[in-house]
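Working notes, beginning with the structure itself.
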There are 2 protein chains.
Amino acid sequence: MTAARRNGPALTEAIMRTTLELGQELGYAKLSIEAIAARAGVGKHTIYRRWPSKGALLLDSLLSLSESTLDYPHTDDVKADLRRQIHEAIDLLAGPKFRPLFQALVGEAQHDPGVATALNERFIGPQADKTVARLETARNEGLLSPDFDLDLAMALLSGPLYFRLLITQEPLTHTYVDRVLDALFAGIGKRP
Amino acid sequence: MTAARRNGPALTEAIMRTTLELGQELGYAKLSIEAIAARAGVGKHTIYRRWPSKGALLLDSLLSLSESTLDYPHTDDVKADLRRQIHEAIDLLAGPKFRPLFQALVGEAQHDPGVATALNERFIGPQADKTVARLETARNEGLLSPDFDLDLAMALLSGPLYFRLLITQEPLTHTYVDRVLDALFAGIGKRP
């Protein structure tokens, strides 16, 4: 199918798929809108009409992978529900396939305020809302510490994962997620 | 004093001071070894002999600010000791003066493995050692949960701060640190 015959959503999808393919092949630094346009068979301006920068395009491309997933299950075991969702999230974004691109994207957010804003509005914010909602239900069901600071939920649960992703750059494994969850649920302080 | 008359340590110090000054003026993206050399009155090669990249030079320059500080006090209140050290660390690296440069440095670590390695070997690793040592003492004194996972100490304490620094990019305040410490000590789980 040539570009001329693809409609809007199919074209958008083709460009995002190409971005991920080329990004995996070349790495973020060498990835360019020009190369994506050539591989997707569209003009550069077709891409720039939709996305202001390489970072914005990569963000959308990565998020397109997760659109229908990353919802929290709701069983009677809130910790198991969190674990399941977080395992899914790291398998998607921190696995060998996309981790380098996701890391590069967060790196780009340190230089490009547009990418930082988009990352928060399109991914972090919605994920935080889901996390707070899941924990709020659990707190109302009497399953959590009654004065748990819900506004910190996302930072407490995700912070230790981003620390490993971005700072120590060690592998993000299910085991690590489980240890973090265990430690957060138990708390550092001595139980009376 | 001209460059020719400065000895090794004084020259190194002058270059690092210039790096921070120029970095604050220009921002990381526009900062260049060339401009630093010109301002410091040395040749580019003098800088490249000591540092392989702009990122490596910025890392050393930022760390030179903190070399004699960031030790944990040891009173009988471990939470207060952690709070004091963390307040000092964020005042230094996440205050208005150096935050943009520190963020840019971590951004650079996502693209440059040399910067990532140096960041861990020179800053994160030593800080983690101090944190584990302080918490281990407290655990031995019976002040912490006896099965607290010490290897996670740095990720649990720092992760939520880096999350705000790098992801949501909100201000890092003392109040935020205090809320994080309170939440980590109490834990998410319901006390039996």
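The values are calculated or read from the model by the stated rules, or taken from the named source; none is laboratory data. A quick note: this is a predicted structure, and the numbers were derived from the prediction, not measured. For neighbour counting, all protein chains shown are included, and Cβ atoms are generated from backbone atoms with ideal geometry for every residue, glycine included.
Inside the stretch B:67-91, can you point out the residues that are small (Gly, Ala, Ser) and either assigned to a helix (DSSP H, G or I) or outside the structural domain of B:Ala116 (by TED's automatic domain parsing) (or both)?
Passing the criteria: B:Ala80, B:Ala89.
Give A:Leu144, A:Leu161 a once-over and let me know the one that is surrounded by 21 or more Cβ atoms within 10 Å (Cβ to Cβ), among the aliphatic types (A, V, I, L, M) and closer than 20 Å to A:Ala94 by Cα.
A:Leu161
Only one of A:Phe102, A:Phe163, A:Phe123 is of a type outside the set (Asp, Glu), modelled with pLDDT under 95 and either out of contact with any Phe, Trp or Tyr (no Cβ under 8 Å at 6 or more places or on another chain) or under 30 Å from B:Ala186 (Cα atoms) (or both); which?
A:Phe123
For the stretch B:108-124, how many residues are part of a helix (DSSP H, G or I), without any contact (Cβ under 8 Å) to a residue 24 or more places away in the chain and in contact with a helix residue (DSSP H, G or I) (Cβ under 9 Å, 6 or more places away or on another chain)?
Selection size over the stretch B:108-124: 3.
Report yes if B:Ala153 is surrounded by 20 or more Cβ atoms within 10 Å (Cβ to Cβ) and either under 21 Å from B:Lys54 (Cβ atoms) or more than 9 Å from every other protein chain (Cβ to nearest Cβ) (or both), otherwise no.
no
Can you tell me which residue within the stretch B:174-188, out of those that are surrounded by fewer than 19 Cβ atoms within 10 Å (Cβ to Cβ), free of Cβ contacts under 8 Å to residues at least 12 places away in the same chain and of a type outside the set (Lys, Arg), is nearest to the other protein chains (Cβ to nearest Cβ)?
B:Ala186
Which members of the stretch A:126-148 meet the condition of being under 12 Å from A:Leu184 (Cβ atoms) and facing chain B (nearest Cβ under 7 Å)?
Those that are under 12 Å from A:Leu184 (Cβ atoms) and facing chain B (nearest Cβ under 7 Å): A:Leu144, A:Ser145, A:Phe148.
Within the bounds of the stretch A:47-56, is there any residue that is over 19 Å from A:Val115 (Cβ atoms), surrounded by 14 or more Cβ atoms within 10 Å (Cβ to Cβ) and free of Cβ contacts under 8 Å to residues at least 24 places away in the same chain?
No, the stretch A:47-56 contains no residue that is over 19 Å from A:Val115 (Cβ atoms), surrounded by 14 or more Cβ atoms within 10 Å (Cβ to Cβ) and free of Cβ contacts under 8 Å to residues at least 24 places away in the same chain.
Among the residues in the stretch A:113-121, are any of a type outside the set (A, V, I, L, M), at the interface with chain B (Cβ under 9 Å from one of its Cβ atoms) and surrounded by 15 or more Cβ atoms within 10 Å (Cβ to Cβ)?
Looking through the stretch A:113-121, at least one residue is of a type outside the set (A, V, I, L, M), at the interface with chain B (Cβ under 9 Å from one of its Cβ atoms) and surrounded by 15 or more Cβ atoms within 10 Å (Cβ to Cβ).
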